[in-house]
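*Asks:* Please read through the structure below; I'll follow up with questions.
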Amino acid sequence: ADFDLAIRGGTVVTATDTLRADLGIRAGRIAAVAERITDAARTLDASGLLVLPGGIDSHVHIAQASGPGIVMADDFASATRAAAAGGNTCVMPFALQPRGASLREATHAYRALAEGRCHIDVAIHLIVSDPTPAVLGQELPALIAEGYTSFKVFMTYDDLVLNDRQILDVFDLARREGARVMVHAEGYDTIRYMTEKLERAGQTAPYGHALSRPELVEREAAHRAIAHAELVDLPIVIVHVSGEQAMEQIAWARARGLKIHAETCPQYLTLTAEDLKGRGAADPMAGAKYVCSPPPRDSASQAAIWRGLETGVFEIVSSDHCPFRYDDPSGKLNPRARDSFRYVPNGIPGIETRLPILFSEGVSKGRISLNRFVELTATNHAKLYGLYPRKGSIGVGFDADLTLWDPNRRETITQANLHHGADYTPWEGFGVTGWPVMTIARGAVVAQDGRVTGAPDQGRVIDRTVQAVPPR
Ligand code: URP
Ligand code: ZN
Ligand code: ZN
Ligand code: ZN
């Protein structure tokens, strides 16, 4: 046979085109896109289905050190299993440099955790928490050359925050080496001021987390990051943008001609700060299930984020999957969590639900086009982070990373059907129209109808080259 696999009768969707076509797959890559492909060892019938590029989730946290006694709820096997079931074929977690430690050693140790334990491909970003002369002078340039071409910096969190001078030095290094920088834009001092004030007033329940990080905390940090990026002349990605105030900073920067990229997440489209009150549960800690940073805002913010998706403020939608178990001393209900919201680990699970939520709320409800959905969930992730033209679209030569999508299927999201290591989902009971029915990674079926069929060693850890596609 000419092909290992033919996918027949589906509607192929890319960021720019929608066409009726068959796909021929050979040796894990797309070898033909044609009206009719017959000579294949195996055939899958995709009639009535959309054939989409597999989801790329370029912002997920897996098995990341999270503070004393706190354990993330996913390892590579469970996170990539959940990702595959949710229609994804590549995820990008972070190797975190603990302060005082070697970034190189932390990265190699993290990669060793991933090797041989992934259902789908993984590409690793770095988190730089301690930009010492050795890190800036040797370790980071060497890691970038090895294929770790993107990293994240934080403007908050005791263990991760960089001061403005450190951010400038890291930006400068990224500019020289051609690396991509992601910025967590929330101001350390504004959060501390608010946190201490709320604690003095006794407002220590999980909802205090939202009060401690009003939008101006994000707006102020976004503005500062943009100013630093302008000074150094570096394009940056502002990640997990939650509302209109940070969006205004991004639009302002772009109007000045600056290259500022922006990401948002499903939580900012579907959750609000009110959820941190626990949705009426008797359990006073129930709101901890929704504690993430930045916190979800309000319905006006949700509408603003939708406008940003429609108008192009946002180029990518990631999950920011950062799972902690709820009913567990190593997670949300750790021994200090009841003392103050500040001890509730930040982050929510979402690796398996990102695509169905955005498809349903976006495409099925007519807010964004199918092509825009593909661009926001796959193509632009590949372009921003050096995976394009290997991944992120459908065409001859691309990896055969595909999701067969039933646009009409109705499902209700529920923890019982998810594959992650967390013990809850923030979207329990959320109804969606449109569902991934099969995930194909490098030509192999890895998930089908909610069952993960592939082995947990089929995915590879991918090295990238610097700026395969120049930033827009
Ligand atoms: O609350 C969140 N988002 N936790 C994950 C870490 C981060 O800042 O992205
Ligand atoms: Zn190395
Ligand atoms: Zn962040
Ligand atoms: Zn994150």
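Each value in this text was obtained by applying a stated rule to the coordinates, not by laboratory testing. This one's a predicted model, so the numbers in the text were calculated from it and none came from an experiment. Note: ideal-geometry Cβ built from the backbone for every residue, glycine included; neighbour counts use all protein chains shown.
*Asks:* What percent of all Cα-Cα pairs in the chain falls in each 20 Å bin, counting up from 0?
*Replies:* Calculated over all Cα pairs of the chain, the distribution is 26, 60, 14, 0 percent.
*Asks:* Roughly what % of DSSP beta bridges within the chain run antiparallel, to the nearest 5?
*Replies:* Here the antiparallel bridges make up roughly 45 percent for the chain.
*Asks:* Whose amide H sits under 5 Å from the amide H of R180, counting only residues 5 or more places off or on another chain, with H placed in the peptide plane?
*Replies:* S150, F151
*Asks:* Treating the angle as unsigned and between 0 and 90°, give the value, to the nearest 10°, between the Cα long axis of helix 299-311 and the longest Cα principal axis of the chain.
*Replies:* For 299-311 against the chain, the angle is about 50 degrees.
*Asks:* Taking θ = phi - 60°, what integer Hz values does the Karplus form 6.51 cos²θ - 1.76 cosθ + 1.60 yield along region 37-47, in sequence order, with x for Gly and Pro?
*Replies:* 10, 10, 8, 10, 5, 9, 10, 10, 8, 10, 5
*Asks:* Continuing with the same structure: Determine the relative contact order of region 269-318: mean sequence separation of Cα pairs under 8 Å and six or more apart, normalised by residue count, in whole percent.
*Replies:* 36
*Asks:* Related question: Using Cβ counts within 10 Å as a stand-in for footprinting exposure, how do K383, K332, K277 rank, fewest first?
*Replies:* In order of increasing Cβ crowding within 10 Å: K277, K383, K332.
*Asks:* A further question on this structure: What is the distance in Å between the Cα centres of region 384-426 and region 78-152?
*Replies:* Each part reduced to its Cα centre gives a spacing of 21 Å.
*Asks:* Okay, moving on. Can you give the angle from 0 to 90° between the axis of helix 188-200 and the longest principal axis of the chain, with both taken from C-alpha atoms, to the nearest 10?
*Replies:* That works out to roughly 60 degrees.
*Asks:* Using modelled amide H (1.01 Å from N, peptide plane; none on Pro or chain starts), what sits under 5 Å from the amide H of G459, excluding residues fewer than 5 places away?
*Replies:* The answer is C118, H119, I120.
*Asks:* Quick check: the angle from helix 164-177's long axis to the longest principal axis of the chain, C-alpha only, nearest 10 degrees?
*Replies:* Between helix and principal axis, roughly 30 degrees.
*Asks:* Helix-derived [θ] at 222 nm for the chain: sum -39500 (n - 2.57) over DSSP H runs of at least 4, divide by residue count, nearest 500?
*Replies:* -7500 deg cm²/dmol
*Asks:* For the chain, what's the relative contact order in percent, using C-alpha pairs closer than 8 Å and at least 6 residues apart?
*Replies:* 23
*Asks:* Now a separate question. Starting from the Kirkwood Rh over alpha-carbon pairs, what translational D in µm² s⁻¹ does region 315-370 have by Stokes-Einstein at 25 °C and 0.890 mPa s?
*Replies:* 185
*Asks:* Sequence-distant or interchain residues sharing an amide H contact under 5 Å with A73, placed H: which?
*Replies:* F324, R325
*Asks:* Also, I was wondering about something else. For region 258-337, state the semi-axes of the equivalent ellipsoid (square roots of 5 times the eigenvalues of the alpha-carbon gyration tensor), sorted largest first and rounded to whole angstrom.
*Replies:* 29, 15, 8
*Asks:* Roughly speaking, what % of Cα-Cα pairs in region 320-472 are separated by over 28 Å, rounded to a whole number?
*Replies:* 32
*Asks:* Please compute the contact order of region 277-405 in relative form: average sequence separation of alpha-carbon pairs under 8 Å and at least six residues apart, divided by the residue count, as a percent.
*Replies:* Reported relative contact order: 20 percent.
*Asks:* Mind sorting V60, V445 by how few other Cβ atoms lie within 10 Å of their own Cβ, fewest first?
*Replies:* Arranged by neighbour count, lowest to highest, V60, V445 become V445, V60.
*Asks:* May I pose another question? Just rank D22, D401, fewest to most, by other beta-carbon atoms within 10 angstrom.
*Replies:* Final ranking by Cβ density, sparse to dense: D22, D401.
*Asks:* Assign unit charges at the C-beta atoms only (+1 for Lys and Arg, -1 for Asp and Glu), then state the dipole size of the chain relative to its Cα centre in Debye, rounded to the nearest 20.
*Replies:* With only Lys, Arg, Asp and Glu charged at Cβ, the dipole is about 380 debye.
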